[in-house]
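Okay, structure first, notes after.
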Amino acid sequence: MAIKVKHFLFLLPICFNISVLTSQASAAESEATRLLNSRTAEFDKNIIKVSENVYTAVGYGVSPVSMIIGKTGIVIVDTGISVESGQQIREDFRRIVDKPVAAVIYTHGHGDHTLGASAFIDSPDAQVWAREGFGSEQNALGEAGIQIQKRRGAMQAGFQLSKEQRVNNGVAKAYWPDRKADVFSADHNVAPTHFLKGERQKLAIAGVNLELVSATGETYDHLYVWFADERVVFAGDNFYKSWPNLYAIRGTQYRDVRKWANVLDQILQEHPVAVVGGHTRPIIGEDKVNETLTNFRDAIRFLFNKTVEGINKGLTPNQLVDYVTLPEKYQNLDYLRPYYGNPEWAVRAIFDGYLGWFDGNATNLFPLSDNDKAERFAKVAGGVDGLQTLINQAIEDADFQWAAELCDYVLVLEPNNKQAMENKADVLTALSDNILTATARNYYLSSALALRKLARK
């Protein structure tokens, strides 16, 4: 049996009046919520011994921090999301070995991997390594004057939500950073001093022999670290236990899905016995690593190739998400469930990344404006009152996506319609309870929160 990409949504057999929607949804835990809750142990605070001289701190923030012990010092791979969490990790690392930090290595420029760096810098002589073009993703947005991704990032992460509303972030515990949405920025407090400029470079630091390898995937400034002596790879965000975030709904430049799969293939060719991913706990054991990374690579490559196949058939993005199916074996693997990224988003991103916004349908070369569409649909429905009747029926039928879209028609025509705001907030809340992808869940709930605040002004 093949699983349609579009149907990574867990639906409960719900049919109830909107007035009791929220209470009943919370009383009966959905399958999506149950699965997310089952992930919580993955983010327990702990320091894990990965190999003889490698230790990884998990659960202190949202991304692991690793220590490689050398003869005269230590090397830190990624530094976490904040100085505060970095200080805790540094203190706990000292209990294992009290040696100075000779170098810090950033796998990529996202703030949840870099902003704790100052906690690890013991001297001005410490090297700070990154790939050439470090921070390019966010820099490109900033240079263009685009700032909205910060607000969308806060919504995706659920920074405005209560503890009761957030289960976890799919690949990390729920976290409320002081910098809020700026956690995604390239405003690094410890800038790199050394850069990987080619495809591969050998380093000898503090008696540790390492290789830095270019690894375009989640970001164009990505690298992975290969510690050959103990066969440990530090993959950064090119691997974690979830369907990967091949597209981030906060808004990003195209993430090269084909190259991402190729990087995983390259990592496999190193024959590691342990892999430290960008989020979640390390995978240890050669057979387990090989099986996991192989499935991870093959699933990504399958989705890319199937999407290209559909594109060449002339399918639009909306048609593609029905056309692209994942083999059942990938659906049944917990580390490929869409806890964080979502396959449907990846399909759409691949289309847009290669062909842009036009879907190939001539009708959509110059489409009607949202206002024109809303006016014409309202006329067919019997005005705004007719639209409201359809909304009520959709809610009664638990057809929440359709209800949300109908609410949008009303809000285009009457932006201050408080009933439509409340209705949309309620149906987004219902949708959130039945979606496994934590970023989508957070975005639903954050949007609902904003609508309720606006409706009650």
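Computed from the coordinates by the stated procedures, all read-outs in this text should not be read as laboratory data. Computed from a predicted model, the values in this text were never measured in an experiment. Heads up, the Cβs are rebuilt from the backbone with ideal geometry, glycines too, and the neighbour counts pull from every protein chain shown.
The table for this structure:
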| read-out | value |
| --- | --- |
| Members of the stretch 194-252 that are small (Gly, Ala, Ser), surrounded by fewer than 17 Cβ atoms within 10 Å (Cβ to Cβ) and over 15 Å from the mean Cα position of the chain (by Cα) | GLY198, ALA204, GLY207, ALA228 |
| Enumerated helices (runs of 4 or more DSSP H) restricted to the stretch 342-414, each holding at least 3 residues that are of a type in the set (S, T, N, Q) | 383-396 |
| Top-ranked residue of the stretch 134-161 - restricted to ones that are in a loop (DSSP other than H, G, I, E, B) and among the hydrophobic types (A, V, I, L, M, F, W, C), ranked as nearest to TRP176 (Cα to Cα) | PHE159 |
| Top-ranked residue of the stretch 112-153 - restricted to ones that are free of Cβ contacts under 8 Å to residues at least 24 places away in the same chain and within 24 Å of ILE205 (Cα to Cα), ranked as nearest to the chain's Cα centre (by Cα) | ASP122 |
| Residue match in the stretch 397-413 (condition: within 30 Å of SER38 (Cβ to Cβ), touching a residue at least 60 places away in the same chain (Cβ under 8 Å) and in contact with a strand residue (DSSP E or B) (Cβ under 9 Å, 6 or more places away or on another chain)) | no |
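Conditions (1) assigned to a loop (DSSP other than H, G, I, E, B); (2) of a type outside the set (A, V, I, L, M, F, W, C), marked per residue:
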| residue | (1), (2) |
| --- | --- |
| THR252 | yes, yes |
| TRP260 | no, no |
| ASN290 | no, yes |
| LEU293 | no, no |
| LYS306 | no, yes |
| VAL321 | no, no |
| TYR330 | no, yes |
